[in-house]
1. Enumerate by residue number the trypsin sites (Lys or Arg not before Pro) in the range 85-145 meeting two conditions: DSSP loop (anything except H, G, I, E, B), and at most 15 other Cβ atoms within 10 Å of the site's Cβ.
2. Against the longest alpha carbon principal axis of the chain, how many degrees, from 0 to 90 and to the nearest 10, is the axis of helix 79-106 turned?
3. Measure nothing fancy, just the Cα-based angle from helix 35-48's long axis to the longest principal axis of the chain, in degrees from 0 to 90, nearest 10.
4. Helix 54-70 versus the longest principal axis of the chain: what angle, 0 to 90°, nearest 10, using Cα atoms?
5. Could you name the lysines in cross-link range of Lys5, using Cα to Cα under 22 Å and dropping any fewer than eight places away on the same chain?
6. Could you work out [θ]222 nm for the chain from helices alone, using -39500 (n - 2.57) per DSSP H run of at least four and dividing by all its residues? Round to the nearest 500 deg cm²/dmol.
7. Using Cα positions and a limit of under 26 Å, work out the lysines in reach of Lys106, with same-chain residues fewer than 8 apart set aside.
Amino acid sequence: MLWVKAFHIIFMVTWFSGLFYLPRLFVYHAMSTDSISIERFKIMERKLYFGIATPGAIFTILFGVWLLSFNPHFYMSMAWFHLKLSLVLLLVIYHLYLGKLLFQFKRNQNTHSHVFYRILNELPVIGLVLIVILVVVQPLMTLPI
């Protein structure tokens, strides 16, 4: 179980590296005006999203499900775990939204300013902080069922 947990954490860090860095690339991409920079950002964004962030997300979820399989009744009776799963779902939606934005940049159809991406860049921080607190502190230990 400890090996599975270790790989779950490793892939979670990988996923979050993409969630943190891709919106930052979007900031610089939105500010770029020369074609060389724009094309370079398109390549960097594609490689980050499909080569790092998406595999990180998939393996985070797979190893998380594997961890859950060791004691599903225990975890599913914990309120903190339900909150964690809800936050993971929101992060998956955020990840997919970044993919939508990536395709807009790819087609030169970006409609947002660099300020929008600076704000968007902060959202996964909130998710990370809340998930770590839920897993480590485990408030609201059990569900009232």
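Every read-out reported here was derived from the displayed coordinates using simple, explicitly stated rules and does not represent laboratory data. This structure is a prediction, so every number in the text was calculated from the model and none was measured. Neighbour counts are summed over all protein chains in view; Cβ atoms, including those assigned to glycine, are modelled from backbone coordinates with ideal geometry.
1. Values: sites: Lys100, Lys106, Arg107, Arg118; in loops: Arg107.
Here the sparse-neighbourhood loop sites are Arg107.
2. Approximately 20 degrees, to the nearest ten.
3. 20
4. The angle comes out near 0 degrees.
5. Hits, sequence-local ones excluded: Lys84.
6. Working: 7 runs with 116 residues, N = 145.
Rounded to the nearest 500, it is -26500 deg cm²/dmol.
7. Reachable lysines: Lys42, Lys47.
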